[in-house]
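Okay, structure first, notes after.
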Amino acid sequence: MQDPSLIQQAKNCVDMFYQSLGQPYVKNERHLKHTIPRCAIGVALARAVGDVVTGEVLGKDRTTVIHYRKKHEDNMRYWDTYPDYFETATHIITMYMGELAKAQRIEAIDRKIEQLVKQKSLINSIQHV
């Protein structure tokens, strides 16, 4: 199971990316005006959170994200707008997922540790009865 906070952070990055482009995210349209930015954000996001989380966030299969990554160099070379989209996506993800993501992950881990310590104490108290 994926970390819900990581998925939400990744969704926020996708939202910010598409807001910066001034267009909505369209997951199943094959027109280049939708395909090019989707591939760019897919590759940038996969580098930060992996193929599975990226696929979940984009509503795509992880193998589609792998395909985006494999075609990245060709896309950089042959799609005029792709390098700019990729740079924008990378910048947004780097800025947003950097320190903010670390802080939120640490908070989530701390909450899990607290829950596990409570469970451990409960189990220890039951064993000593």
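Hey, does segment 13-20 have a residue that's touching a Lys or Arg at 6+ places or on another chain (Cβ under 6 Å), at pLDDT 95 or above and under 27 Å from ARG111 (Cα atoms)?
To start, the set of residues in segment 13-20 that are touching a Lys or Arg at 6+ places or on another chain (Cβ under 6 Å) comprises none.
No, segment 13-20 has no match at all.
Please count how many residues of segment 49-68 are out of contact with any helix residue (DSSP H, G or I) (no Cβ under 7 Å at 6 or more places or on another chain) and in a helix (DSSP H, G or I). Give the derivation first.
First, pick out the residues of segment 49-68 that are out of contact with any helix residue (DSSP H, G or I) (no Cβ under 7 Å at 6 or more places or on another chain): 50, 59-60, 63, 67.
Filter once more, so that each one left must be in a helix (DSSP H, G or I): 63, 67.
Of the residues in segment 49-68, 2 are out of contact with any helix residue (DSSP H, G or I) (no Cβ under 7 Å at 6 or more places or on another chain) and in a helix (DSSP H, G or I).
Do we find that LEU21 is under 12 Å from the mean Cα position of the chain (by Cα) and surrounded by 14 or more Cβ atoms within 10 Å (Cβ to Cβ) in this structure? Steps first, answer last, please.
Values: under 12 Å from the mean Cα position of the chain (by Cα): no; surrounded by 14 or more Cβ atoms within 10 Å (Cβ to Cβ): yes.
Judged against the criteria, LEU21 is not a match.
Checking GLN23 against (1) assigned to a helix (DSSP H, G or I); (2) under 22 Å from TYR96 (Cβ atoms); (3) modelled with pLDDT of 95 or more, only one condition comes out false. Which one?
Against the list (1) assigned to a helix (DSSP H, G or I); (2) under 22 Å from TYR96 (Cβ atoms); (3) modelled with pLDDT of 95 or more, GLN23 comes up short only on (1).
Out of segment 16-74, which residues are touching a residue at least 12 places away in the same chain (Cβ under 8 Å) and on the phi > 0 side of the Ramachandran plot?
GLY59
The values are calculated or read from the model by the stated rules, or taken from the named source; none is laboratory data. Here the structure is a predicted model, which means the values were calculated and not measured. Every residue, glycine as well, gets a Cβ built from its backbone with ideal geometry; the counts of neighbours run over all protein chains shown.
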